[in-house]
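**Q** I am attaching a structure below and will ask some questions about it afterwards.
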Amino acid sequence: MDDALPWDTGDYDLNWVGYFIPGSSVLRNRVGATTREALAAAENDLVEVRVAELRDNPSAMMRTYDLAHLQALHWHLFQDVYLWAGELRTVGIEKEDESFMTPGDIGRPIDYIAGQIAETEQLRSISNADLPGRLADMYDFINFAHPFREGNGRTQREFFDQLLSESGRGLAWDAIALTELHRACHLARAEQNLEPLRTMFAKIVDDDPAYHFGPDTS
């Protein structure tokens with residue numbers, strides 16, 4: 001497979017190292033970054049520009065709230081940073097005592113959540129009182145899928161910003177530290193304890209949507 005992408009060779013071990021600049025622990029990137037710090041700084045700046053672009057023109061993306069939607073969103077946000085933007089990861093990922101879906105099964109939890117979103121008319125039928133619990137469950141499922149090699153958190157937060165906007169609601173992410181979100185996600189995965197996620201969402205759900213969709217943009 002001479003023309004195979006280095007992160008998609010069909011060999012797990014080769015795929016793992018193929019995501020990195022040869023001889024380095026820095027992910028391959030489009031910005032020429034050779035340190036993790038430089039890559040993180042460039043990623044933050046470039047993704048913020050793409051978020052602003054998308055919010056200014058939300059009709060630029062079809063909002064299907066499924067795996068294809070997540071991939072399109074990841075590509076839009078990270079197109080300036082990673083060569084594999086929008087592509088599903090080809091390797092397994094573990095973080096301490098958390099493990100995520102195997103590459104071949106990434107679509108399963110997201111298909112389940114896509115069904116939930118459709119059944120609730122994009123959460124419009126979910127009351128404000130019930131919303132934090134439903135969001136905790138959905139967020140945990142998509143976090144478990146962890147579709148991408150990097151950029152899952154940013155993509156997932158924007159996905160939920162779009163979803164909440166459908167019913168005129170929003171998420172005040174700036175009201176919490178990312179460490180609180182990460183801890184809640186960790187407890188949901190490692191201990192099957194969704195209460196911290198539910199408590200967090202109860203704190204940040206508001207009536208200030210991040211997106212304002214026209215009638216023909218979904």
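**Q** Looking at region 152-165, can you tell me whether even one residue there is at pLDDT 95 or above, surrounded by 19 or more Cβ atoms within 10 Å (Cβ to Cβ) and more than 24 Å from Thr199 (Cβ to Cβ)?
**A** no
**Q** Under 7 Å by Cβ, and 6 or more places apart or on different chains, what pairs join a residue from region 106-123 that is within 9 Å of Tyr65 (Cα to Cα) with one that is hydroxyl-bearing (Ser, Thr, Tyr)?
**A** Ala114/Tyr65; Ile117/Tyr65; Gln122/Tyr65; Gln122/Ser167
**Q** Please specify each residue of region 89-121 satisfying the condition of being surrounded by fewer than 18 Cβ atoms within 10 Å (Cβ to Cβ) and of a type in the set (S, T, N, Q).
**A** Ser99, Thr102, Gln116, Thr120
**Q** Taking region 1-57, which residues are touching a helix residue (DSSP H, G or I) at 6+ places or on another chain (Cβ under 9 Å), of a type in the set (Gly, Ala, Ser) and surrounded by 13 or more Cβ atoms within 10 Å (Cβ to Cβ)?
**A** Ala4, Ala33
**Q** Considering only residues that are closer than 24 Å to Asp45 by Cβ and over 16 Å from the mean Cα position of the chain (by Cα), which ones fall in region 77-121? Outline the logic, then answer.
**A** Pass one, region 77-121, residues closer than 24 Å to Asp45 by Cβ: 77-87, 89.
Listed by number, the residues that qualify are Asp80, Leu83.
**Q** Looking at region 52-66, can you tell me whether even one residue there is closer than 20 Å to Met101 by Cβ, in contact (Cβ under 8 Å) with a residue 40 or more places away in the chain, of a type in the set (S, T, N, Q) and in a helix (DSSP H, G or I)?
**A** Scanning region 52-66, I find no residue that is closer than 20 Å to Met101 by Cβ, in contact (Cβ under 8 Å) with a residue 40 or more places away in the chain, of a type in the set (S, T, N, Q) and in a helix (DSSP H, G or I), so the answer is no.
The values are calculated or read from the model by the stated rules, or taken from the named source; none is laboratory data. Keep in mind the model is a prediction, meaning the values are calculated, not measured. Here Cβ is always computed from backbone atoms with ideal geometry, including for glycine, and neighbour counts include all displayed protein chains.
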